[in-house]
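K.L.:
A single structure is presented below for examination.
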Amino acid sequence: MKKYILLIFLAAGITMTISCRKYPVDEKGLLITDNTTCYMSSFNLLGSDNQTVLVTIPTFANGLIDTVKGTVTATAKFGTNITKVKPYCSLGANDMLVDPFMGQWTDFTQPKTFTLISGTRKIKKVYTITVTVQQ
């Protein structure tokens, strides 16, 4: 009986070792995959009430996100204080990273740059986000 239990643990250990070699992890402990997708599909800014402050949500479909030039053009509603808003974006794949991290209070009075990183961690694309306030 002990022999079978030992064989089960040995087989489980070998399986885990093999699967870890196929998809290693990066320095943050996140899975590195074969996915080379690297683009931003939508962008949003939230105010202190966690509601959007944008007139129109930028997407690559409506042309407010240019995936070739790496630009996002957004217009905040009249009276919005863009010195303290939270940026969020939708990515082309679940295994992508954004640097610096979005979702924290950010000042958008000047254009900000964010780097998108593919699942392979080999493809990086810089996006410049420009926010203006509606007049």
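The values are calculated or read from the model by the stated rules, or taken from the named source; none is laboratory data. The structure displayed is predicted, hence computed values, not measured ones. So basically every Cβ, Gly included, is an ideal-geometry build from the backbone, and we count neighbours across all protein chains shown.
K.L.:
Could you tell me whether Ala74 is in a strand (DSSP E or B) and more than 16 Å from the chain's Cα centre (by Cα)? Reasoning before the result, please.
P.N.:
Working: in a strand (DSSP E or B): yes; more than 16 Å from the chain's Cα centre (by Cα): yes.
Against the criterion (in a strand (DSSP E or B) and more than 16 Å from the chain's Cα centre (by Cα)), Ala74 qualifies.
K.L.:
Cβ contacts < 7 Å: first residue under 23 Å from Asn35 (Cα atoms), restricted to the stretch 92-113; second residue in a loop (DSSP other than H, G, I, E, B) and among the aromatic types (Phe, Trp, Tyr), any location; separation 6+ or different chain. Result?
P.N.:
Every condition considered, the pairs that remain are Gly92/Tyr39.
K.L.:
If you go through the stretch 100-128 one residue at a time, how many are of a type in the set (Gly, Ala, Ser) and either surrounded by 14 or more Cβ atoms within 10 Å (Cβ to Cβ) or outside the structural domain of Cys38 (by TED's automatic domain parsing) (or both)? Quick ask: steps written out before the conclusion?
P.N.:
Taking the stretch 100-128 as the starting set, the residues that turn out to be of a type in the set (Gly, Ala, Ser) are 103, 118-119.
Imposing the further condition that a residue be either surrounded by 14 or more Cβ atoms within 10 Å (Cβ to Cβ) or outside the structural domain of Cys38 (by TED's automatic domain parsing) (or both) reduces the set to 118-119.
Of the residues in the stretch 100-128, 2 are of a type in the set (Gly, Ala, Ser) and either surrounded by 14 or more Cβ atoms within 10 Å (Cβ to Cβ) or outside the structural domain of Cys38 (by TED's automatic domain parsing) (or both).
K.L.:
If you check every pair at least six apart or on different chains, which have Cβ atoms under 7 Å apart with a residue in the stretch 65-81 that is at negative phi first and a residue that is among the polar types (S, T, N, Q) and assigned to a loop (DSSP other than H, G, I, E, B) second?
P.N.:
Thr75/Thr56; Thr75/Gln134; Ala76/Gln134; Lys77/Gln134; Phe78/Gln134
K.L.:
Quick one: is Val131 in contact with a strand residue (DSSP E or B) (Cβ under 6 Å, 6 or more places away or on another chain) and surrounded by fewer than 15 Cβ atoms within 10 Å (Cβ to Cβ)? It would help to see each step written out before you state the result.
P.N.:
Numbers: in contact with a strand residue (DSSP E or B) (Cβ under 6 Å, 6 or more places away or on another chain): yes; surrounded by fewer than 15 Cβ atoms within 10 Å (Cβ to Cβ): no.
For Val131, the condition - in contact with a strand residue (DSSP E or B) (Cβ under 6 Å, 6 or more places away or on another chain) and surrounded by fewer than 15 Cβ atoms within 10 Å (Cβ to Cβ) - is not met.
K.L.:
Next question, about the same structure. Count, please, the residues in the stretch 19-35 that happen to be assigned to a loop (DSSP other than H, G, I, E, B) and either at pLDDT 90 or above or on the phi < 0 side of the Ramachandran plot (or both). Break it down stepwise before answering.
P.N.:
Going through the stretch 19-35, the residues assigned to a loop (DSSP other than H, G, I, E, B) turn out to be 23-24, 26-30, 32-35.
Next, only the ones that are either at pLDDT 90 or above or on the phi < 0 side of the Ramachandran plot (or both) stay: 23-24, 26-28, 30, 32-35.
Counting residues in the stretch 19-35 that are assigned to a loop (DSSP other than H, G, I, E, B) and either at pLDDT 90 or above or on the phi < 0 side of the Ramachandran plot (or both) gives 10.
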